[in-house]
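Right, one structure below, let's go through it.
The values are calculated or read from the model by the stated rules, or taken from the named source; none is laboratory data. The structure presented is a predicted model; accordingly, all values stated were derived computationally and were not measured. Methodologically, a virtual Cβ is constructed for each residue, glycine included, from the backbone with ideal geometry; neighbour enumeration extends over all protein chains shown. Side chains are part of the model used for accessible areas, which takes the heavy atoms of the whole protein and leaves out ligands, DNA and RNA. Shrake-Rupley method; radii C 1.70, N 1.55, O 1.52, S 1.80 Å.
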Amino acid sequence: PVQIKEFGAINKIDFSPVPPYNYAVTASSRIHIYGRYSQEPIKTFSRFRDAAYCATYRDDGRLLAAGSEEGGIRLFDISGKAPLRQFEGHTKPVHVVGFLSDKYRIFSGGDDYSSNLWDIPSATEIISYSEHTDYVRCGCASKVNADVFITGSYDHTVKLFDARTKSSVMTIEHGHPVESVLLFPSGGLLVSAGGRYVKVWDVLKGGQLLVSLKNHHKTVTCLCLNSSGQRLLSGSLDRHVKIYSTTSYKVVHSFNYATSILSLALSPEDETIVVGMTNGVLNVKHRKPEEKNEKSQKKRQPAYRTYVKGRTYMPKQEDFCVSKPVKRVLRKYDKLLRSFHSSKALDAVLEPPIMLHTPEVTVAVMQELHRRGTLRSALAGRDEKQVNLLLTFVARRVIEPRFTPVLVTVADMITDIYQPVVGQSAIVDKQFLKLQEAIGKEIDYQEELLEVLGMMDTLFATFTKKRDTCLEENKSNGLTEIIKTNRNY
């Protein structure tokens, strides 16, 4: 095993799901990225004022999300250093962060007892659940359903949330403060760890307990599955990692370590196991390569060309293979956005092929410029031809529901900027009239729709079933006279 010393207790280890399978180690106020055989970090994220927690890769290995002691969530690009997004909403430390399987949303859990869902593109909170009554310290997302995620809390419960509902859809009582949760790849089985127990639940049967394992002597802190799902690993404060068979749930192997274990991860190829401990030591073990029996095979005499220099060299495990990176070609408007040329980026998406065939690209760039606060400056200072092109696009697409919220803002800005020049160009005036006409027609359509809805409500109200009513009157001398009144239809 390789021993690497970190700055503090290691609370999370996460392997990248894509080659070369680097892994992120969260300890103290830093996140270190290590290569498979490197003993020094190849990259460091240190933009945290206090402790960082739960650095987790996205499924494509390009983004990394992490919580922090001050209650914020930060999103990093693996190729950069500064955070791409910051999510503020928790009032206490955030110990749980993860990506939903649609790659565009993040879930989180904090010490303020809340579980939140965030939208990555707009960096806004979608929904917040406040159903736990103690710290939320673990969670995971379903790989089968993009709306389902699970959180575990120190209130002894595991809750399953669906982003389409306003409350949890399932609550499981673990019986001890929950330290780790894990979903099988099929999404049907849930594993929870807390106290000395590791419990397996059947989600499809409403959270039925299948098996309860008690093989550790102290609190179980972390769980992990191998790539095939046939082995379940659990790490504990008793310095042991237990490996269970998922068919019989019996211990098939055990590792012993020097101090208490806080985090555990297995590489996607099951070739490397990494364990983080309370004393800040990172323990890395590699599986030995299988030795092939070549003695029994009859060796051929090599040809002369085999002896050419360098042809017979085989790389070793500790060697670094340097490959030429594949150059990613960015679109013209993406290059201009990266270099903060707002006006030129808007010009690039106002070209006829993009406007006609992919108008969503044009609207998306406008929305990004508005988010940056540079849309007004990009729209200003244009000549007659460019203003005509802008107004033509807005007048044509503003009535489409998917574009309306953005294009209404754009139309408002254009009107404010170019109001002083109205009357100087017949072409621009004509486009303004077309825009006014399009919006007027849309308002008329909306009014007609409201009238139709009103008529339908009236019709539905008259279709209610009419029943005879019974009136009880003249209750005297213990007799009740029932008068039936019939309605005239």
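Suppose the filter is closer than 15 Å to Val274 by Cβ, crowded, with 19+ Cβ neighbours inside 10 Å and free of Cβ contacts under 8 Å to residues at least 40 places away in the same chain; does Asn11 pass it?
On the way: closer than 15 Å to Val274 by Cβ: yes; crowded, with 19+ Cβ neighbours inside 10 Å: yes; free of Cβ contacts under 8 Å to residues at least 40 places away in the same chain: no.
Against the criterion (closer than 15 Å to Val274 by Cβ, crowded, with 19+ Cβ neighbours inside 10 Å and free of Cβ contacts under 8 Å to residues at least 40 places away in the same chain), Asn11 does not qualify.
Filter segment 50-78 down to residues that are basic (Lys, Arg) and more than 23 Å from Ala9 (Cα to Cα) and give me whichever is least open to solvent (accessible area, probe 1.4 Å).
Only one residue tops the list, namely Arg58.
Mind listing whichever residues of segment 79-100 are touching a Lys or Arg at 6+ places or on another chain (Cβ under 6 Å) and surrounded by 13 or more Cβ atoms within 10 Å (Cβ to Cβ)?
Quick first cut of segment 79-100, residues touching a Lys or Arg at 6+ places or on another chain (Cβ under 6 Å) only: 83, 86, 95, 99.
Correct list: Pro83, His95, Phe99.
Only residues in segment 365-385 that are closer than 20 Å to Ile354 by Cβ count as the first member; pair them with residues that are part of a helix (DSSP H, G or I) and among the aromatic types (Phe, Trp, Tyr), Cβ under 7 angstrom, at least 6 apart or cross-chain, and list the lot.
As it stands, the answer is Val365/Tyr333, since those pairs meet every condition given.
Would you call Gly454 open to solvent by less than 80 Å² (accessible area, probe 1.4 Å), modelled with pLDDT under 90, more than 38 Å from the chain's Cα centre (by Cα) and more than 24 Å from Val361 (Cα to Cα)? Step through it out loud before you land on a result.
Numbers: open to solvent by less than 80 Å² (accessible area, probe 1.4 Å): yes; modelled with pLDDT under 90: no; more than 38 Å from the chain's Cα centre (by Cα): yes; more than 24 Å from Val361 (Cα to Cα): yes.
No: the conditions fail for Gly454.
Scanning for something exposed (fewer than 12 other Cβ atoms within 10 Å of the Cβ), among the β-branched types (Val, Ile, Thr), out of contact with any Ser or Thr (no Cβ under 6 Å at 6 or more places or on another chain) and outside the structural domain of Arg85 (by the TED database), does segment 418-425 turn up at least one residue? Before you say what the answer is, go through the steps one by one.
Our first condition is that a residue be exposed (fewer than 12 other Cβ atoms within 10 Å of the Cβ); within segment 418-425, this holds for 419-420, 422-424.
Now restrict to residues that are among the β-branched types (Val, Ile, Thr): 422.
Still in the running and out of contact with any Ser or Thr (no Cβ under 6 Å at 6 or more places or on another chain): 422.
When the remaining residues are screened for being outside the structural domain of Arg85 (by the TED database), the result is 422.
Yes: one or more hits.
If a residue has to be closer than 23 Å to Glu69 by Cα and either more than 23 Å from the chain's Cα centre (by Cα) or surrounded by fewer than 20 Cβ atoms within 10 Å (Cβ to Cβ) (or both) to count, how many in segment 16-32 make the cut?
As a first pass, look at segment 16-32 and keep what is closer than 23 Å to Glu69 by Cα: 23-32.
From the residues that got through so far, the ones that are either more than 23 Å from the chain's Cα centre (by Cα) or surrounded by fewer than 20 Cβ atoms within 10 Å (Cβ to Cβ) (or both) too are 28-30.
Adding up the residues that qualify gives 3.
Taking the options Thr462, Thr415, name whichever one is at pLDDT below 85 and open to solvent by less than 100 Å² (accessible area, probe 1.4 Å).
Thr462
Are there strands (runs of 3 or more DSSP E) fully within segment 129-233 with at least 3 residues that are more than 23 Å from the chain's Cα centre (by Cα) and crowded, with 18+ Cβ neighbours inside 10 Å? List them. Outline the logic, then answer.
Working: elements: 136-141, 148-153, 157-162, 170-173, 178-183, 189-194, 197-202, 208-213, 220-225.
Here the list reads 197-202.
Could you check segment 350-409 for helices (runs of 4 or more DSSP H) lying wholly inside it with 2 or more residues that are open to solvent by 40 Å² or more (accessible area, probe 1.4 Å) and of a type outside the set (D, E, K, R)?
Working: elements: 352-357, 359-372, 375-379, 384-397.
Passing ranges, in order: 352-357, 359-372, 384-397.
Residues of segment 1-25 being touching an Asp or Glu at 6+ places or on another chain (Cβ under 8 Å) and assigned to a strand (DSSP E or B), which ones?
If we filter segment 1-25 for residues that are touching an Asp or Glu at 6+ places or on another chain (Cβ under 8 Å), which is where we start, we get 17-18, 21, 23-25.
Across segment 1-25, the qualifying residues are Tyr23, Ala24, Val25.
Name the residue, out of Phe87, Phe76, that is part of a strand (DSSP E or B), free of Cβ contacts under 8 Å to residues at least 60 places away in the same chain and farther than 22 Å from Val136 by Cα. If you could, list the steps in order and put the result at the bottom.
Values: Phe87 fails: farther than 22 Å from Val136 by Cα.
The conditions single out Phe76.
Of all the residues that make up segment 256-265, how many are open to solvent by 50 Å² or more (accessible area, probe 1.4 Å) and either over 31 Å from the mean Cα position of the chain (by Cα) or not assigned by the TED database to the domain that holds Thr56 (or both)? Please lay out each step first, then the result.
From segment 256-265, those open to solvent by 50 Å² or more (accessible area, probe 1.4 Å) are 256, 258, 262; that's our starting set.
Imposing the further condition that a residue be either over 31 Å from the mean Cα position of the chain (by Cα) or not assigned by the TED database to the domain that holds Thr56 (or both) reduces the set to 256, 258.
Total satisfying the criteria: 2.
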